[in-house]
Each structure stands twice: as structure tokens, then as C-alpha cells.
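This report refers to the structure that appears directly beneath it.
The values are calculated or read from the model by the stated rules, or taken from the named source; none is laboratory data. Small disclaimer: the values here were computed from a predicted structure and weren't measured. Note that we place each Cβ from the backbone using ideal geometry, even for glycine, and neighbour counts take in every protein chain shown. Calculation scope for accessible area: heavy atoms of the full protein, side chains included, ligands and nucleic acids excluded. Shrake-Rupley method; radii C 1.70, N 1.55, O 1.52, S 1.80 Å.
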Amino acid sequence: MALALKILLGLYILQALIKFINLFAIPYDIRIERIAAYHHSQASKVFDHILLTLMAVLVALLAAVGLEHLSFITGLLVGLTLTQVLFHRFTQPLAPDRAPPPPVTPITTMSYAIQANPRLAWRELAIQTALFVWALVALITQGG
């Protein structure tokens, strides 16, 4: 079970790192086109269900191999707080040429704001990326 957990965590971390790299490596026009297509489809709902299932599997595997409550609680709070603070960086209204087309939902607006200027959250993104890199190295190099 520990190996399955490590593999799933490693793959999930790689996906997060690729997402970070794409945020700065892929031109805005291409990123926003992908975001628009994603938000105007049913893919986001399906993907959310998949993610929730994956989170349940990860926590179940962690519990099976020996969940250390202080580590888990600290990681949970750090992760949620980083996400909250990242969202708080995007307080300026979007320029009309960067705003999502109607119908506009709060999550669509946030996605467009992040794509329009990801550098506003450079600190949070740098911390997340450093933690992901550290976690991936730990998964690869540490036994257990």
C-alpha cells in the first residue's frame, strides 16, 4: 500500500509541477483558450468528481500505511492557507479584454484572473513549487 501511495502522490505532484510550468511557459492566449473551453464544458464537473475520489483514495491509503496526525493536520492547514492567500492576490478587476464571456461564475472569474496575471501570486506559487519539488525528492529518495 505504501508503494501505491507513493506512486499516486508522485504522479499528482508531477501534474502540479507541469501545471505551474505551463502557467509561465505557455502564452496567455493559448492558456485562456484552454480555460474557456474547460469552463464552458462539463469537464470541470467530471474532473472535480475524479479529484474528490483521488483525495479519498490518498487519505485511505495514508491511513492504511500509518497516518501521523500532526503531519497530516499541518499539511492540510498549510495547503488550504496557501490556496486562500493565493486567491487573495487577485483583487483587481479584470480588464474588459481579459474578462470571461457570460455567463460568468465566481470560479471562472478567478481562473481568468490567475491566467491574466499569475505573477501576482508569485510568493504562493514559489512556496507551492518548492514544497512539491521537496516532496517529489522525498518520495524518490526516502524509504518507507
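Per atom type, the stretch 23-144 shows carbon and sulfur on 70% of its accessible surface, probed at 1.4 Å.
Using only Cα atoms, find the angle between the long axis of helix 69-88 and the longest principal axis of the chain, and express it within 0 to 90 degrees, rounded to the nearest 10. The two axes meet at around 10 degrees. Taking square-rooted eigenvalues a ≥ b ≥ c of the alpha carbon gyration tensor, is the stretch 1-44 rounded, prolate or oblate, where a/c under 1.5 means rounded and, failing that, a/b exceeding b/c means prolate? It comes out oblate by the Cα gyration axes. Here the stretch 1-117 yields Rg over Rh of 1.02, to two decimals, using C-alpha coordinates and the Kirkwood radius. Taking the 0 to 90 degree range and rounding to the nearest ten, how far is the long axis of helix 28-39 tilted relative to the main principal axis of the chain, both from C-alpha atoms? Taking Cα atoms only, the helix is inclined about 80 degrees.
Between helix 2-25 and the chain there is an angle of about 20 degrees, using the helix long axis and the longest principal axis of the Cα atoms.
Between 56, 16, 113, the GNM of the chain built on Cα springs shorter than 10 angstrom shows 56 fluctuating the most. Backbone N atoms of the stretch 94-125 closer than 17 Å to the 7 Å Cα→Cβ label point of residue 36 belong to residues 94-105, 108-117.
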